[in-house]
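Down below is the structure, laid out as structure tokens.
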């Protein structure tokens, strides 16, 4: 049974979320001391975090960054802030998904279940090393190696690279990538895919490989 940590300063919303999670057989924990988010995380060891942006003391971006220094635990932002910049900031800080308030509880639960499935059950062949055109992908720990340098990847970045490398030479449509990453693309803002592709490209380029992932206008993406 997965434990979910709820970091939400509005008590009514926090309680509503926790009650809904319990209905779906999750264990939940709600942070109430917003100076101690990381300490609560380390003590409770949740499998997923629901994280608001607007929080007392430090905002959700700050706490996301701090948690990412310690763990790759899945993080879903829940916020009334819904601009593209907010979503991009969330993804750049290491979030896995973004849900805008007010949200439908059934959609949020679907996102949680999908994220838990892909985060904890996706590795198909432990200890597998996949190599193509200068990149070695370590399927065991979700990192990539370029020219002897090991580079950490987020879960979404890893899954994108895994799918693109596994089907190199084939054009993968945005719809196919969305389905592969998030199970049901109806629940995902298309901008989320763009942010993750761009972030993955930047890491690859900074390691010295240019144009590893190509865009085919009107068709999708390909690793030649």
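The values are calculated or read from the model by the stated rules, or taken from the named source; none is laboratory data. Note that this is a predicted model, so its numbers are computed, not measured. In this analysis, Cβ positions are derived from the backbone assuming ideal geometry, glycine residues included, and neighbour counts consider all displayed protein chains.
Return a yes/no flag: does the stretch 130-152 have any residue that is under 15 Å from the mean Cα position of the chain (by Cα), modelled with pLDDT of 90 or more and buried (at least 16 other Cβ atoms within 10 Å of the Cβ). No - not one qualifying residue is present in the stretch 130-152.
Residue by residue, here is whether (1) touching a residue at least 24 places away in the same chain (Cβ under 8 Å); (2) in a strand (DSSP E or B); (3) farther than 22 Å from residue 142 by Cβ holds:
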| position | (1), (2), (3) |
| --- | --- |
| 1 | yes, no, yes |
| 9 | yes, no, yes |
| 25 | yes, no, yes |
| 28 | yes, yes, yes |
| 32 | no, no, yes |
| 39 | no, no, yes |
| 43 | no, no, yes |
| 54 | yes, no, yes |
| 85 | no, no, yes |
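Could you check, for the stretch 11-23, whether at least one of its residues is free of Cβ contacts under 8 Å to residues at least 40 places away in the same chain and either in a loop (DSSP other than H, G, I, E, B) or within 30 Å of residue 200 (Cβ to Cβ) (or both)? No. In the condition set (1) surrounded by 13 or more Cβ atoms within 10 Å (Cβ to Cβ); (2) under 26 Å from residue 179 (Cβ atoms); (3) out of contact with any strand residue (DSSP E or B) (no Cβ under 8 Å at 6 or more places or on another chain); (4) modelled with pLDDT of 90 or more, residue 58 is compliant with all but (2).
Considering the stretch 179-222, and only residues there that are at pLDDT 95 or above and assigned to a loop (DSSP other than H, G, I, E, B), the residue that is nearest to residue 159 (Cα to Cα) turns out to be 213. The combined condition, being touching a residue at least 24 places away in the same chain (Cβ under 8 Å), exposed (fewer than 14 other Cβ atoms within 10 Å of the Cβ), in contact with a helix residue (DSSP H, G or I) (Cβ under 9 Å, 6 or more places away or on another chain) and closer than 25 Å to residue 200 by Cβ, is fulfilled by residue 70.
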